[in-house]
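The values are calculated or read from the model by the stated rules, or taken from the named source; none is laboratory data. Keep in mind the model is a prediction, meaning the values are calculated, not measured. No Cβ is skipped: glycine too gets one built from the backbone with ideal geometry, and neighbour counts run over all protein chains shown. The protein model used for the area step is the full one, side chains on, heavy atoms only, and it has no ligands, DNA or RNA in it. Shrake-Rupley method; radii C 1.70, N 1.55, O 1.52, S 1.80 Å.
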Amino acid sequence: MEEGMGALKYSRTAYEEALDVLFSLIVNRRRCDKSGDRFELMFEYVKMLDLEESMSKMKVIHVAGTKGKGSTCTFTESILRKCGFHTGLFTSPHLIDIRERFRLDGIDISEEKFLAYFWWCYNRLKEKTSEDVPMPHLFRFLALLAFKIFSDEQVDVAILEVGLGGTFDATNVVQAPIVCGIASLGYDHTELLGNTLGAIASEKAGIFKRGAPAFTVFQPDEAMHVLRDKASQLDVQLTVVPSLDPELLQGHKLGLEGEHQYLNARLAIALSSTWLHRTGRSNLSYKEQSGSLPEQFIEGLTTARFEGRAQIVPDRYNDIETPEDLVFYLDGAHSPESMVVCSSWFCAAIKHNQEGILNHQLDDNGTSSNKLLQGYDNDEARKKSVQVLLFNCMSVRDPQLLLQPLIKTCANNGVHFKKALFVPNTSLFNKVGTHGLAEANGEVDLSWQFHVRRVWENIIQSEKGIGAMVEEESEKPEVSGKSCENSAVFSSLPMAIKWLRDSVLQQNRSIRLQVLVTGSLHLVGDVLKLIK
């Protein structure tokens, strides 16, 4: 770290002050637009921060995609860390604290280092920007901050997750990545990226660079055609990798839950192996003809952790002796495709639970481990398991396209929600830290939540063969959650969680509530803040 950026002791207030300054960089609710929103400014910012030389030497792995890119980056970082390398990982969004976006050797950057790097970058940019070259907006600043951190910390490898799209994403200022990856593609952010898979694939392929090999997973034909065409134009070698054969893990399980993770894991293996090969460490890379994964790869894949994705957290608020009475199943799915995956995972997970197994009972540090539930007596075995949905999604998304596959997939697996709870997010969209909580004493606009609730009720009634559609029912938020059979709107997330906890107590612990939290990573993060 440079002189003047030494290890000072910062109070919590100083950290909150920095977050408030970050908040000032939010110019709108969008991270980019189709024209790139003057993307060329990113190169000016890099010059202002004197990062040109260090970034040209940075050994980058760059990953885009609609779903699975964060998991792929997490697997890749874990593999290369287990191989003995000093890693830097930049991901988005964060769930609880913005420092989650910057990981050094698998650990969130410390508050002291974050503040030192933040103020150095902010003050330098504030001094050099002008009316023609204004301060970067939030995500661009965060990407620049990541480059500064990884440069000064002298990481061996920088793994960058694209925030949105690819072509005009702030991370795409990197000009010479070692290798690129495209995770599964689907429909998301169509208002910015286009409403066809071809258009979306074109944006994602914007991270391809001449001379850097690229890997992807099996994609729909429309998307694959575009990826191959873009790769051909740049003379990029594009390889499609299959799903990982579980037998290669030698009896171990992936650290991230869900069948879809075997696809992300295989992509991570390809990225890691190529990075090792192209940086002169071929002796550590995976050789397909060998028929076995290196020990470091297996360890990296099986110890990887990524909060908010297929995560199971027993609630310990009511009674630590019986945390299985209220269990939260958290997954930040927010596209139709990922909702199918999320629903399938939830159904499989509660099946294990009902058989007396909680596949991912968490320890006090929030890390998952495979343990049998201990102390299951006859009373526990007789408890009735009840499924509840806790949901919110951004207003730019169509709740019909999210809720329909969720309901259908669950029903196909014999799972029916007793109640669906709709809530606003606790953290405001334009706050970036743990202190950015919505004011409890103000009027909360719940019109979106009531709209989503109507969509839910209409789908449920349609599934039951009831023709009448739910119109403008009473828009009074629930305080007890008892006035509607299938659903309820709560004016705050804490009220919804209190209702869930009270429900367990009011039933004299004769029921076991299994709560699926999905639709928004912001919601998942808010729930984790409240229950951990």
key: Whichever residue in the stretch 226-279 is of a type in the set (S, T, Y) and farther than 25 Å from A199 by Cβ and, among such residues, is nearest to the chain's Cα centre (by Cα)   = Y262
ask   = Right, Q154: under 20 Å from E77 (Cα atoms) and not acidic (D, E) or not?
value = yes
remark   = Given the conditions (1) part of a loop (DSSP other than H, G, I, E, B); (2) crowded, with 20+ Cβ neighbours inside 10 Å, every one holds for M135 apart from (2)
Options L89, L115, L144: the member that is under 21 Å from the mean Cα position of the chain (by Cα), in contact (Cβ under 8 Å) with a residue 40 or more places away in the chain and part of a helix (DSSP H, G or I) = L144
message = With modelled with pLDDT under 95, in contact with a His (Cβ under 9 Å, 6 or more places away or on another chain), open to solvent by less than 30 Å² (accessible area, probe 1.4 Å) and farther than 30 Å from E203 by Cα as the only criterion, which of I298, I312 stands out?
response = I312
key: Pair list, Cβ < 8 Å and 6+ apart or interchain, from the stretch 259-277 residues that are in contact (Cβ under 8 Å) with a residue 12 or more places away in the chain and farther than 17 Å from P294 by Cα to residues that are part of a helix (DSSP H, G or I) and open to solvent by 20 Å² or more (accessible area, probe 1.4 Å)   = E259/V341; E259/S344; H260/V341
task = Tell me which residues, restricted to the stretch 265-316, are touching a strand residue (DSSP E or B) at 6+ places or on another chain (Cβ under 9 Å), assigned by the TED database to the domain that holds L160 and of a type in the set (V, I, T).
result = I269, T274, T279
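F90 - would you say it is in the same structural domain as Q154 (by the TED database), farther than 22 Å from L19 by Cα and among the aromatic types (F, W, Y)?
No: the conditions fail for F90.
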remark   = In the set T171, T167, T196, the lone residue that is open to solvent by less than 10 Å² (accessible area, probe 1.4 Å), closer than 30 Å to E222 by Cα and among the hydroxyl-bearing types (S, T, Y) is T171
inquiry  = Looking at the stretch 236-258, can you tell me whether even one residue there is outside the structural domain of A333 (by the TED database), in contact with a Leu (Cβ under 8 Å, 6 or more places away or on another chain) and of a type in the set (K, R)?
reply    = no
message = Go through (1) touching a strand residue (DSSP E or B) at 6+ places or on another chain (Cβ under 9 Å); (2) among the hydroxyl-bearing types (S, T, Y); (3) part of a helix (DSSP H, G or I); (4) within 26 Å of S78 (Cβ to Cβ) for Y262 and report which single condition fails.
response = (1)
key: Number of the condition not met by E247 [criteria: (1) in a loop (DSSP other than H, G, I, E, B); (2) over 27 Å from K59 (Cα atoms)]   = (1)
inquiry  = Can you tell me how many residues within the stretch 219-244 are part of a helix (DSSP H, G or I) and open to solvent by 60 Å² or more (accessible area, probe 1.4 Å)?
reply    = 8
task = Only residues that are within 23 Å of G308 (Cα to Cα) and open to solvent by 40 Å² or more (accessible area, probe 1.4 Å): list them for the stretch 94-124, please.
result = I96, R99, R103, D105, I107, D108, S110
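Pick from A411, A420: which is assigned by the TED database to the domain that holds A349, within 15 Å of S462 (Cβ to Cβ) and in a strand (DSSP E or B)? Outline the logic, then answer.
Details: A411 fails: in a strand (DSSP E or B).
Going through A411, A420 in turn, just one is assigned by the TED database to the domain that holds A349, within 15 Å of S462 (Cβ to Cβ) and in a strand (DSSP E or B): A420.
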